[in-house]
Amino acid sequence: MQNRFLRFAFFFIAFLLAFQLLNGSKNKENTTDDVVLAIKSKITIGKEVEVRITNRTEAPITIENKCPKNPLTVERYENGEWLAKDVTIEEDQCSNSGDILIEPRKTQIVRYGAWNHELFGEAGKYRISLKTILNEKEKAFSGEFEIAPPGVLSKGWHYLFYRPIFNTLVFLISIIPGHSLGWAIILLTLIIKLVLLGPNQKALRAQKLMQKIQPQLDALKTKYKNDSQKLAQETMAVWKKYKVSPMSSCLPMIIQFPILIALFYVVKDGFDNIDPNLLYDNLKNFDARSINVMFLGLMDLTQKNIIVLPVFVGGLQFLQMHLTFAKNKGATQKNTASPMPMMNQMMKYFMPIMIAVFTASLPAAVGFYWGTSTLFGVIQQIVVNKSKD
């Protein structure tokens, strides 16, 4: 079970690192201004630009709705001067727009959605400015940032994972009656799990075999506790005898990791205003505004769900781990000196809690994918447990 914990720890740490890497540089911020416009210092072409506006004064600030024109003032630095850029979108895309009120000591986020591709589709230096009235005087506040072309790793990520998963999800949404995001995620999960069925089954069998030989490995640790080199040799001999590797069960998780990250960014970027350049030719005519992000009318999958979904996903994770330990219960009881039973019990409760917290911190669609994947894994584990040793 140590291997299972290491697997999860690797996944969790890698997810956080990838999140930081793909999220770009930290926001630039002038901490002395009454109004602060915080924007990431470097944003890759294709990523949505968003501005965090913090009102540090004691009076409210209203940003007037200019839709169908882009919000705030956008400029691009060309030939030694700042040139204004304005983009106008379709009128029917303004149905959810309105004035933005920023209360004293509060922060609001302005996202560029439908305007993003036309405004920031070229590499270069940009500036976003806000003019407002403070103490009966007009003041201007701005933030500068760079739009940069994607690097080699970013391009590989985009073309190998993000774009294919994005288009697969949009395709599934387009063919499902009602254009349900939730049912499309379920179908996408089933497709991924079926593609990985062979490696997953092999990994689960390897995990089962590792549990079976655990008493032998524990005995070796006792016998060669003062000879680490001999312990390593004998441990390798046992692994070779049973044709098993402690890392063999990591492959499915490593494969699923970029899929999970890609799905996170697909949902995070939203579906209201899809960049047409992301879509394959056969999907360019699909109207993203028809996507139903509510699952069964109860849960908005683009928003965080901090109670129901985390409890459900954590419960499924607990069930899966219970099934995993059930097969090993007899073996661990034979060796009461081994720390494994206690560790197993700790992980049985600790990991579901971590998964629940993880689910609560992300858009519900990611947890929805994880829950569907775990449910599939529970069924697989039942099949493996019932199979002959």
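The values are calculated or read from the model by the stated rules, or taken from the named source; none is laboratory data. All figures in this text were calculated on a predicted structure; none of them were measured in a lab. Quick reminder, even Gly has a Cβ in these numbers, built from the backbone with ideal geometry, and neighbours come from all protein chains shown.
Filtering the range 124-150 to residues that are surrounded by fewer than 17 Cβ atoms within 10 Å (Cβ to Cβ), free of Cβ contacts under 8 Å to residues at least 60 places away in the same chain and closer than 20 Å to residue 80 by Cβ leaves 124, 125.
Before we move on, is residue 178 outside any helix (DSSP H, G or I) and exposed (fewer than 15 other Cβ atoms within 10 Å of the Cβ)? Taking the combined requirement at face value, the residue satisfies it.
Right, residue 231: buried (at least 16 other Cβ atoms within 10 Å of the Cβ), modelled with pLDDT of 80 or more and not assigned by TED's automatic domain parsing to the domain that holds residue 49 or not?
Taking the combined requirement at face value, the residue satisfies it.
Among the residues of the range 180-194, the ones that are farther than 11 Å from residue 368 by Cβ and within 17 Å of the chain's Cα centre (by Cα) come to 1 in all.
Inspect the range 268-280 for any residue being in contact with a Lys or Arg (Cβ under 7 Å, 6 or more places away or on another chain), modelled with pLDDT of 65 or more and in the same structural domain as residue 189 (by TED's automatic domain parsing) and give the result as yes or no. Taking every residue of the range 268-280 in turn, at least one turns out to be in contact with a Lys or Arg (Cβ under 7 Å, 6 or more places away or on another chain), modelled with pLDDT of 65 or more and in the same structural domain as residue 189 (by TED's automatic domain parsing). Screening the range 1-98 for strands (runs of 3 or more DSSP E) wholly inside it with 1 or more residues that are among the charged types (D, E, K, R) and at pLDDT 90 or above returns the ranges 35-40, 42-44, 50-55, 73-78, 81-85. For the range 83-123, a tally of residues being of a type outside the set (Asp, Glu), under 21 Å from residue 47 (Cβ atoms) and surrounded by 12 or more Cβ atoms within 10 Å (Cβ to Cβ) returns 18. The sole residue among 208, 202 that is in a helix (DSSP H, G or I), at negative phi and touching a residue at least 60 places away in the same chain (Cβ under 8 Å) is 208.
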